[in-house]
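J.: Below is one structure. I have some questions about it.
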Amino acid sequence: MKLKLLILLISFTVAAKSDENNTVNRTIHTGVSIKYTDIRSVHSIPLFVLPVSIGYPFFHSTPIELDIFSILKTERREHLLKLSVTIPSRITSDSGTGSNYILDADNSNYLRIMLEYNYLLRLLNWNKGALMYGIAPAILYEHKILTYISGQKITRWDLNMGIGPSIVINYQVFPRIELTGQFRGLIFPLYTSFGRYKSVSEGGHVFSSNYRPLTYIPSYGIIMKWKRKDSIISVGYSKSHQISGAKRNIDYYSSVPMLVVKIDRFHEFYISYSIKFK
Amino acid sequence: MKLQIFIILFGFLFIINIWGCGEFFININTNEEWIIRSKDNIVVHYRPERYTNTPSPTDSIVNIILDNKNHFYELIMDTLDIKFSDNILVYLYNSGEAYQKIDRSKGGYAITEMLSYYWVYDGRPRIHPNGRTIFAGGAHELVHVITGQVLGKPGTHALDEGYAVAIDGRSVNTVFEDGFLRYRTVVELMDEYFKNGIVLKPGKLLYKIEFNEYYYANAGFFTMFLFESYGIEITNQLFPVPESKFRQRFFELTGVTFEEMEQIYLDYCDDMFGAG
């Protein structure tokens, strides 16, 4: 494992060094995007059969997300720094026919803040296309309040730091239109993640505990970019899953039952506008 | 050649984008057909007739399930002396589809945060120790939902399953007697285990997880003992305590050391099962 990490580190260092002094084709884009997200959260299940087909009930939320990003591009490398913040949105539930029997939707909400960095290196290059690979470290903060119809409430938040591989494919469909496909698989280990869970029952009984989540977020996306003289307008769609399990402490193999399980699916539709700086 | 590689890679990304790697673990399917009926705090979801090759519940059976579940709901409130008024959703998967959908070929499991539980419906009536004919389990899964919401997340499997078994009072498996499938009582099972010398000591129970009748009966009987010896209020406070802090917390709440309690428990078992 250590050897693999060393090889990975050396390959990045070599590739980065070769491009170090290339400032001729360097461009910086800074922009904003607005994103509509459809989130469906299902429940914990024992994963003995894969895939398990489940559906109901699910918690549903449709937050609007605002992103600020900056991209530094050279001939061989690309650095992306992005801050995403959702506007806290209500959460409702669907039991199977659209009915909400569980949650007080107006007092349940979801907030997500993510800071991510994506470092990409060019692997293949030809006339109209390019394949890039890289790593994507990220910091993710999630805050969820579930208020049930009776008034009982669960609040949980967690701060996760992780990293994962990313692959990007670009294809120049027309001179000003570029199509991009991307994959990113973020892993947030137990050791760099921390959360807090609190529930207050209808009768006022309070339970609270820390937790250490282990999270995997695979994400796929397609983006169409319209390159203008000094700006780029992009529209995109991405789909992510969040699969996470948390116990009270770092000892994941202890016999203490799971405290928090997240199985979420995100559909994201977005439009972004960025300005080019030389 | 390069273009072909590119097209293949792009196509691959496009396809996995549609199917998604997450689907390797979970296929979130929200296009399923359910019939919903409710009564008081119970909402039952079941399949329409001929949905699978195996039977779906009839209206009269759903009525029985609703009545039983509301009875058990009240029983849990009374036993635990707690306040809870949310709805609980019951999902009955036909036995022909259950293994693929919920990873179970019998029984069920609870989803605490979603106030729900899944159950494999096979159309066969079973007799509960309280005399009721049941089609979708007794109080067991309801206890998981309610305790997880009201008392906090369980700290040990022993009390998580213990509460469910103690309040329901029945075994996990059935026996065929007089033409009926009957659940046995926890006391009957423990009587057998005691006579075979295989009663689990509380210290072992806390550090163990087993998903079988032996473990469940031991956990249930131990919880019954805690209810009886130290009262519901103290036992409720022990429910969310993890194993690493259980001994200390037990002493703080009762003034009895864990080791002393273990001996008292074994004497209690001896008194109950040894004499006869």
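The values are calculated or read from the model by the stated rules, or taken from the named source; none is laboratory data. None of the values given here were measured: they were computed from a predicted structure. Here Cβ is always computed from backbone atoms with ideal geometry, including for glycine, and neighbour counts include all displayed protein chains. Surface areas here come from the heavy atoms of the whole protein model, side chains and all, with no ligands, DNA or RNA. Shrake-Rupley method; radii C 1.70, N 1.55, O 1.52, S 1.80 Å.
J.: Share of Cα-Cα pairs in chain A beyond 34 Å, in percent?
T.: Values: 10686 of 38503 pairs.
Above the 34 Å cut-off, chain A has 28 percent of its Cα pairs.
J.: Out of the chymotrypsin sites (Phe, Trp or Tyr not before Pro) in segment B:220-266, which ones are loop residues according to DSSP with at most 16 other C-beta atoms within 10 Å?
T.: Within segment B:220-266, no chymotrypsin sites (Phe, Trp or Tyr not before Pro) qualify (loop, at most 16 other Cβ atoms within 10 Å).
J.: For chain B, what is the charge dipole size about the Cα centre, in debye to the nearest 20, if Lys and Arg each add +1 at the Cβ and Asp and Glu each add -1 at the Cβ?
T.: 940
J.: Let me ask something else about it. Measure out, as a whole number of angstrom, how far apart the alpha-carbon centroids of segment A:128-175 and segment B:199-260 sit.
T.: When both Cα centres are located, 41 Å separates them.
J.: Can you figure out the FRET efficiency of A:Thr97 with B:Asp271, using R₀ = 41 Å and their beta-carbon distance, to the nearest 0.05? Don't skip to the answer; put the middle values down first.
T.: Numbers: r = 53 Å, r/R0 = 1.29.
The calculated FRET efficiency here is 0.20.
J.: Suppose we compare each residue of segment B:239-257 in its chain alone and in the full protein complex with a 1.4 Å probe; which ones drop by at least 10 Å² of accessible area?
T.: Going by heavy-atom accessible area, the residues of segment B:239-257 that drop by at least 10 Å² are B:Pro240, B:Pro242, B:Glu243.
J.: Then there's this: Could you pull out every one of the lysines with an alpha carbon less than 22 Å from that of B:Lys153, ignoring same-chain neighbours closer than 8 positions?
T.: Cross-link targets: A:Lys144, A:Lys153, A:Lys198, A:Lys247, A:Lys262, B:Lys83, B:Lys204, B:Lys208, B:Lys245.
J.: Accessible area per residue, 1.4 Å probe, Å², for the protein assembly as shown: what's the number?
T.: 45
J.: Now a separate question. Helix B:140-150 sits at what angle to the longest principal axis of chain B, using alpha carbons and giving 0 to 90 degrees rounded to 10?
T.: The two axes meet at around 90 degrees.
J.: Shifting gears a bit: Work out the length of the dipole vector of chain A about its Cα centre, built from +1 on the beta-carbon of each Lys and Arg and -1 on the beta-carbon of each Asp and Glu, and round it to the nearest 20 debye.
T.: It comes to approximately 820 debye.
J.: Further question: Chains A and B: how much accessible area gets covered up at their contact, both sides added, probe 1.4 Å, in Å² to the nearest hundred?
T.: 6000
J.: Can you compute the charge dipole magnitude of the protein assembly as shown about its Cα centre, using +1 on each Lys and Arg Cβ and -1 on each Asp and Glu Cβ, nothing else charged? Give it in debye, rounded to the nearest 20. Intermediate values should be presented prior to the final figure.
T.: Details: 57 positive and 55 negative charges, 746 e Å.
Result for the protein assembly as shown is approximately 3580 debye, rounded to the nearest 20.
J.: In addition: Return the carbon/sulfur percentage of the accessible area of segment A:144-262, one whole number, probe 1.4 Å, all protein chains in place.
T.: Details: 3090 of 4780 Å².
With neighbouring chains kept in place, the figure for segment A:144-262 is 65 percent.
J.: Please find the FRET efficiency linking A:Tyr237 to B:Thr54, where r is the Cβ-Cβ separation and R0 is fixed at 35 Å, and quote it to the nearest 0.05.
T.: It comes out at approximately 0.35.
J.: Kindly express, to the nearest 10 degrees and within the range 0 to 90, the angle between helix A:2-18's C-alpha long axis and the longest C-alpha principal axis of chain A.
T.: 40
J.: How large a share of the accessible area of chain B, in percent, is made up of carbon and sulfur atoms when the probe is 1.4 Å and the other protein chains stay in place?
T.: Within chain B, the accessible surface is 53 percent carbon and sulfur.
J.: Let me ask something else. Might you work out the accessible area of B:Ser244 for me, using a 1.4 Å probe with all protein chains in place, and round it to the nearest 10 Å²?
T.: Per-residue accessible area (B:Ser244): approximately 90 Å².
J.: Just which residues of segment A:239-273 lose 50 Å² or more accessible area with every protein chain there, against their chain alone, with the probe set to 1.4 Å?
T.: Residues losing area: A:Lys239, A:His241, A:Arg248, A:Ser255, A:Pro257, A:Arg265.
J.: Roughly how much of B:Met272 is accessible, in Å² to the nearest 10, using a 1.4 Å probe?
T.: B:Met272 has an accessible surface of roughly 90 Å² with all protein chains in place.
J.: Next question, about the same structure. Would you be so kind as to identify which of B:Phe227, B:Val43, B:Ile264 lies farthest towards the positive end of the dipole of chain B, taking Lys and Arg as +1 and Asp and Glu as -1 on Cβ and the Cα centre as origin?
T.: Value: B:Val43.
J.: Right, another one. In whole Hz, with x marking every Gly and Pro, tabulate ³J(HN,Hα) for segment B:197-208 from phi via Karplus 6.51 cos²θ - 1.76 cosθ + 1.60, θ = phi - 60°.
T.: Result, ordered by residue: x, 10, 6, 7, 6, x, x, 6, 4, 5, 9, 10 Hz.
J.: Follow-up question, since we're still on this one. Just check the protein assembly as shown against the gyration tensor rule for me: Cα atoms, a ≥ b ≥ c as the square roots of the eigenvalues, rounded for a/c under 1.5, and otherwise prolate or oblate depending on whether a/b exceeds b/c.
T.: prolate
J.: Let me ask something else. Would you kindly derive the ³J(HN,Hα) couplings of segment B:153-159 from the backbone phi angles with the Karplus curve 6.51 cos²θ - 1.76 cosθ + 1.60 (θ = phi - 60°), listing them in order in whole Hz, with x for Gly and Pro?
T.: 5, x, x, 9, 5, 4, 7
J.: Is the shape of chain B rounded, prolate or oblate, going by the alpha carbon gyration tensor and its root eigenvalues a ≥ b ≥ c, with a/c under 1.5 for rounded and a/b larger than b/c for prolate?
T.: It is prolate, given that a/c is not under 1.5 and a/b is the larger ratio.
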